[in-house]
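Single-structure report; data block below.
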Amino acid sequence: MSDFTLPEDKAARMERCAVFYTDAVPHNHALGLRLVDIGPAEATVELPYADFLVGNPETGVLAGGPVTTLIDASCGSAVFLKLGRFAPLVTLDLRIDYLRPARPGVSLTCVAECYKLTRQVAFVRALVHQGDKSNPVASAQGTFMRTEE
């Protein structure tokens, strides 16, 4: 990508950002993460349920690692959208509160919002749910450092 600026058109922005879930970040692709919606500073990403992501075979509950990746990737995308372009980022801090076990067999959806942007740091919050935002699986708060000069 020689041009790092995101287009104004929502469909084109979404297509451009989706590359982080298909080609640019192999880990996101391996987990099956999928960008499903965007806003000016908001990204909604889905993690489909898969047996290889299960942390406890007796209960079928997903492991924490894929959930953490879902949140981190969603938050990074929200920062790109707020910036209006792709830029190098580093996760400084990502605090996750696991509020309840995810129901087995059901996809997880993360909605992340970049609510504050400074010259060097982006502040993001996220909520993970399984179709009902009032009954979240996890909530998160993160900071990301912008490393461009």
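With respect to P88, is the statement that it is open to solvent by 60 Å² or more (accessible area, probe 1.4 Å) and either of a type in the set (V, I, T) or over 29 Å from P40 (Cβ atoms) (or both) true? Give the derivation first.
On the way: open to solvent by 60 Å² or more (accessible area, probe 1.4 Å): yes; either of a type in the set (V, I, T) or over 29 Å from P40 (Cβ atoms) (or both): no.
When the stated conditions are applied, P88 does not pass them.
Would the stretch 10-17 turn up any residue that is more than 11 Å from the chain's Cα centre (by Cα) and part of a strand (DSSP E or B)?
First pass over the stretch 10-17, keeping only residues more than 11 Å from the chain's Cα centre (by Cα): 10-17.
Remaining after also requiring part of a strand (DSSP E or B): none.
Within the stretch 10-17, not a single residue is more than 11 Å from the chain's Cα centre (by Cα) and part of a strand (DSSP E or B).
Here is a yes/no grid of residues against (1) within 20 Å of D37 (Cα to Cα); (2) of a type outside the set (K, R); (3) in a strand (DSSP E or B):
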{"position": "D93", "(1), (2), (3)": "no, yes, yes"}
{"position": "I96", "(1), (2), (3)": "no, yes, yes"}
{"position": "R100", "(1), (2), (3)": "no, no, no"}
{"position": "C110", "(1), (2), (3)": "yes, yes, yes"}
{"position": "L127", "(1), (2), (3)": "yes, yes, yes"}
{"position": "S134", "(1), (2), (3)": "yes, yes, no"}
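Quick one: is F20 modelled with pLDDT under 90 and under 13 Å from the mean Cα position of the chain (by Cα)? Please lay out each step first, then the result.
Details: modelled with pLDDT under 90: yes; under 13 Å from the mean Cα position of the chain (by Cα): yes.
Taking the combined requirement at face value, the residue satisfies it.
Take the residues in the stretch 45-87 that are among the β-branched types (V, I, T) and in a strand (DSSP E or B), then tell me which one is farthest from C17 (Cα to Cα).
Across the stretch 45-87, the extreme among qualifying residues is V61.
Taking the stretch 1-56 as the search range and keeping residues that are among the hydroxyl-bearing types (S, T, Y) and surrounded by 14 or more Cβ atoms within 10 Å (Cβ to Cβ), which one is farthest from F123 (Cα to Cα)?
The qualifying residue farthest from F123 (Cα to Cα) is Y49.
The values are calculated or read from the model by the stated rules, or taken from the named source; none is laboratory data. Because the structure is predicted, anything quoted here is derived from the model rather than measured. All Cβ positions, glycine included, derive from the backbone under ideal geometry; neighbour counts span all protein chains shown. With ligands, DNA and RNA removed, areas are computed over all heavy atoms of the protein, side chains included. Shrake-Rupley method; radii C 1.70, N 1.55, O 1.52, S 1.80 Å.
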